[in-house]
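What follows is a set of notes on a single structure, which appears directly below.
The values are calculated or read from the model by the stated rules, or taken from the named source; none is laboratory data. These numbers were taken from a predicted model, which means no experiment stands behind them. Ideal geometry is used to build each Cβ from the backbone, glycine not excepted, and the neighbour counts take in all protein chains shown. Quick note on the areas: whole protein, heavy atoms, side chains included, nothing else; ligands and nucleic acids left out. Shrake-Rupley method; radii C 1.70, N 1.55, O 1.52, S 1.80 Å.
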Amino acid sequence: MSEIINKKENTTQQAEKPWNGRFTEPTDAFVEAFTASVTFDQRMYQQDITGSIAHAKMLTHIGILNEEECQQIVEGLHTIKNTIEAGQFNWSIKLEDVHMNIEAALTDLIGITGKKLHTGRSRNDQVATDIRLYLRDEVDLIVTELKRLQTALIDLAEQEAETIMPGFTHLQTAQPVTFGHHILAWFESLERDHQRFLDCRKRINVMPLGAAALAGTTYPIDREFTAQLLGFENICENSLDAVSDRDFAIELTANAALLMTHLSRFSEELVLWASAQFNFVELSDSFCTGSSIMPQKKNPDVPELVRGKTGRVNGHLISLLTLMKGQPLAYNKDNQEDKEPLFDTVDTLKGSLKVYADMMQHIKVNKQVMHEAASRGFSTATDLADYLVRAGVPFRDAHEVVGKAVRLGIDTQRDLAELSLEELQDFSSDIKADVFSVLTLEGSVAARDHLGGTAPNQVRSAVKRARLRIAH
Ligand code: ARG
């Protein structure tokens, strides 16, 4: 008796599973939750529905479904989409993932025709398609935010083309540079990131659908037809590869890790510059927080957090590489683990870019303080050496002359430009009255007047080129 009841319970419990026919025992409740992905992959519902609609249209095009069935499926899927967006869809862990939840809901809604949708398809090519469609959309959003940040940097560089700051190596004052030039250095890193995202989009935008479980399908499918409906530029050439590799997702995450690393370095500078010790910039109050105990504090939380969040994206890259490294062909359930790192990568990156683009539009630059800092630390010493070389002194001898002049400056607490002509001439008779034009900060930056140099007019033309470079 109890056996019969159990058997009956099993049957009810199993009723929803597509593999019901093969199994005699129900899934363990914990295993059901452990293997399910619906709690996180429901994020791809739109892509899943878009992919299914295209698949249904292709099946109709080749005569597997008739027009009426196709219309029922398409309308049913639209209804499901609306239900999800209204927050009224009942996601079930028993149905494991976004794909089976939507398919089951379709069958509930339109009956037997719903069961025909999965013809010539497997969840293996379905999920690979969904991720690619999802990442394609996300790359476009990432690029939009990135360009907004790049534009903010270009605007700032243009505004600060003549502002002088100390340039650093080893975080020691090295030579004066213009602040606009410094900001454009960050633009260059971000522009390479921009190009990397555009480039990886090409490898994301390739269609796996048609690979089915791993070997392709016996139906006379028209993959070009489906690809065109979904806006895929190319079609995966090999069915085993199509369902198996997630290299495109790893590539995107690697690009994200590099971009976050750039933002992290930039953050480090902003944190330093916003400190009382540097006082080069002031971040807007709306991007900082105070301290609950120290009334004087204004903390640069946004750059600090972006610097901190770089760690999780770098971690996701390692997760995905490790996820892939031991997998034989073709699909393995391991791949279900690609989603959480990917989703968090995308969220973290988009959030960091957004907050950075907004913050950089409101940064206040303390030009006076920067200029003051550049005039300390003998930042024009190299200019004096170059001056002597132009007067015929070999560079090594010039280096020594300048070293002595710096020594005098240190001993008497004066910058090179503050030494008298007579004092300078004691070190070398090749020094003439015109030397002071190279010892000033303005003269120093203006002299570096070549492509890629720090001179204000070079910054202005770099700004013009930068605007054109991000336009497409
Ligand atoms: N939820 C699965 C994933 O994310 C979908 C594919 C499952 N395929 C399978 N044969 N179990 O990878």
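Please compute the per residue accessible area over the range 327-472 with all protein chains in place, 1.4 Å probe, rounded to a whole number of Å².
Value returned for the range 327-472: 51 Å² of accessible area per residue.
Mean separation of Cα pairs under 8 Å and 6+ residues apart, divided by the residue count of the chain: what relative contact order is that in percent?
That works out to 16 percent.
Amide H neighbours of Gly167 under 5 Å, counting only residues 5+ apart in sequence or on other chains, H built in-plane at 1.01 Å?
For Gly167, the qualifying residues are Ala174, Gln175, Val177.
Could you work out what % of the accessible surface of the chain is carbon and sulfur, using a 1.4 angstrom probe and leaving DNA, RNA and ligands out of the count?
54
Could you tell me which of rounded, prolate or oblate describes the chain, using a ≥ b ≥ c as the square roots of the eigenvalues of the alpha-carbon gyration tensor, with rounded for a/c under 1.5 and, failing that, prolate when a/b is larger than b/c and oblate otherwise?
Taking the square roots of the gyration eigenvalues as a ≥ b ≥ c, the chain is prolate.
When the chain is fully extended, how far beyond the present Cα-Cα distance does Phe30 get from Asp347, taking 0.36 nm per residue of separation?
111.2 nm
Sort Tyr331, Tyr134 from largest to smallest accessible area, using a 1.4 Å probe on the heavy atoms of the protein chains.
Heavy-atom accessible area, descending, gives Tyr331, Tyr134.
Which of rounded, prolate, oblate describes the range 278-411, given a ≥ b ≥ c as roots of the alpha-carbon gyration tensor eigenvalues and a/c under 1.5 marking rounded, otherwise prolate only if a/b is larger than b/c?
Verdict is oblate for the range 278-411.
What is the set of long-range amide H partners of Ile235 at a cut-off below 5 Å, with H atoms built 1.01 Å from backbone N?
Met207
Could you go through the range 119-131 in sequence order and give the Karplus-derived ³J(HN,Hα) for each residue, using 6.51 cos²θ - 1.76 cosθ + 1.60 with θ = phi - 60°, rounded to whole Hz, and x for Gly and Pro?
4, x, 9, 9, 5, 5, 7, 5, 5, 5, 5, 4, 5
What is the Cα centroid distance between the range 200-242 and the range 343-389, reported in whole angstrom?
46
Rank by packing, highest mean first: peptides 98-109, 296-307, with packing defined as the count of other Cβ atoms within 10 Å averaged across residues.
Top of the packing list down: 98-109, 296-307.
Could you sort out which of Lys17/Lys115; Lys147/Lys364; Lys17/Lys116; Lys202/Lys464; Lys350/Lys464 sit more than 19 Å apart by Cα distance in this structure?
Exceeds cut-off: Lys147/Lys364; Lys202/Lys464; Lys350/Lys464.
Please list, in chain and number order, the residues 5+ apart from Ser37 or on another chain whose amide H is under 5 Å from its amide H, with Hs placed from the backbone.
It is Asp97, by chain and number.
Can you put His472, His399, His55 in order of accessible area, largest first, using a 1.4 Å probe?
The most accessible residue leads, giving His472, His399, His55.
Mind ordering 272-283, 180-191 by average Cβ neighbours within 10 Å, highest first?
Put in order of decreasing packing, that is 180-191, 272-283.
How big is the accessible area of Cys70 in square angstrom, nearest 10, if you roll a 1.4 angstrom probe over the protein chains?
Counting only protein heavy atoms, Cys70 exposes about 10 Å² to solvent.
I want to make sure I understand the PRE zone here: with the label point 7 angstrom from the Cα of Glu68 toward its beta carbon, which residues in the range 108-150 have backbone N atoms less than 17 Å away?
Counting only backbone N, you get 110-117.
Which value in nm describes the separation of the simple spin-label points at Leu171 and Lys202, placed 7 Å from the Cα toward the beta carbon?
For the pair Leu171/Lys202, the computed spacing is 4.1 nm.
Going by the alpha-carbon gyration tensor, a ≥ b ≥ c the square roots of its eigenvalues, is the range 12-144 rounded (a/c under 1.5) or, if a/c is not under 1.5, prolate (a/b greater than b/c) versus oblate?
Taking the square roots of the gyration eigenvalues as a ≥ b ≥ c, the range 12-144 is oblate.
Note the angle between two axes, namely the Cα long axis of helix 45-61 and the longest principal axis of the Cα atoms of the chain, as a number of degrees from 0 to 90, rounded to the nearest 10.
Compared with the principal axis, the helix lies near 50 degrees.
Report, in deg cm²/dmol and to the nearest 500, the calculated mean residue ellipticity at 222 nm for the chain, where each DSSP H run with n ≥ 4 adds -39500 (n - 2.57) and the sum is divided by the residue count.
Result for the chain: -20000 deg cm²/dmol, rounded to the nearest 500.
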